[in-house]
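The values are calculated or read from the model by the stated rules, or taken from the named source; none is laboratory data. These figures come from a predicted structure and were not determined experimentally. In this analysis, Cβ positions are derived from the backbone assuming ideal geometry, glycine residues included, and neighbour counts consider all displayed protein chains.
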Ligand SMILES: [Zn+2]
Ligand SMILES: [Zn+2]
């Protein structure tokens, strides 16, 4: 499936070919902290399937629990997190952040990753009162 996306301010834009079957939610604590929220919606693509259309992201290299070093790309202007990839010449598997993908409604996750650190209350939010816009 062909998708496209951009950061909040629009400076960085991309296109990619993705397999909707590979879309996941990641509950690892790195994703919780770096996203500033409860989990990440991850849309994987490959170096061959990815095209940076405009802008140059700022990067931060994190070391995962496994020892893997991953490059975290984000917009230096608006702060939107865009993707993670491997260090060096071969970016390997590129994990796009679902919230930046225009077609995200069609990319329902197929599995939970790092579920051991999922927030214990996540399963309960389906029953909360629903307010369609900001209440105040
Ligand atoms: Zn931006
Ligand atoms: Zn994660």
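When segment 1-49 is examined, which residues are found to be within 16 Å of ligand 2 (Cβ to nearest atom) and either in a loop (DSSP other than H, G, I, E, B) or free of Cβ contacts under 8 Å to residues at least 12 places away in the same chain (or both)? Step through it out loud before you land on a result.
First, pick out the residues of segment 1-49 that are within 16 Å of ligand 2 (Cβ to nearest atom): 22-44.
Those that are within 16 Å of ligand 2 (Cβ to nearest atom) and either in a loop (DSSP other than H, G, I, E, B) or free of Cβ contacts under 8 Å to residues at least 12 places away in the same chain (or both): 23, 27, 28, 33, 36, 37, 38, 39.
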Scan of segment 74-97 for residues that are within 11 Å of ligand 1 (Cβ to nearest atom) and buried (at least 19 other Cβ atoms within 10 Å of the Cβ), ordered by number: 74, 75, 80, 81, 82
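Going by the conditions given, is residue 95 modelled with pLDDT of 95 or more, closer than 20 Å to residue 20 by Cα and touching a strand residue (DSSP E or B) at 6+ places or on another chain (Cβ under 6 Å)?
Here the answer is yes, as residue 95 does meet what is asked.
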Number of the exception - residue 63 against (1) surrounded by fewer than 13 Cβ atoms within 10 Å (Cβ to Cβ); (2) at positive phi; (3) touching a strand residue (DSSP E or B) at 6+ places or on another chain (Cβ under 8 Å): (2)
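Give the residue that is nearest to residue 108 (Cα to Cα), with candidates limited to residues of segment 5-23 that are within 15 Å of ligand 1 (Cβ to nearest atom) and within 15 Å of the chain's Cα centre (by Cα). Show your work before the answer.
Restricting attention to segment 5-23, the residues satisfying the condition of being within 15 Å of ligand 1 (Cβ to nearest atom) are 5-14.
From what's left, within 15 Å of the chain's Cα centre (by Cα): 5-8, 12-14.
Details: 5: 16, 6: 19, 7: 20, 8: 21, 12: 24, 13: 22, 14: 20 Å.
This residue is 5.
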Residues satisfying the stated conditions in segment 82-128, i.e. over 20 Å from residue 5 (Cβ atoms) and touching a helix residue (DSSP H, G or I) at 6+ places or on another chain (Cβ under 6 Å): 117
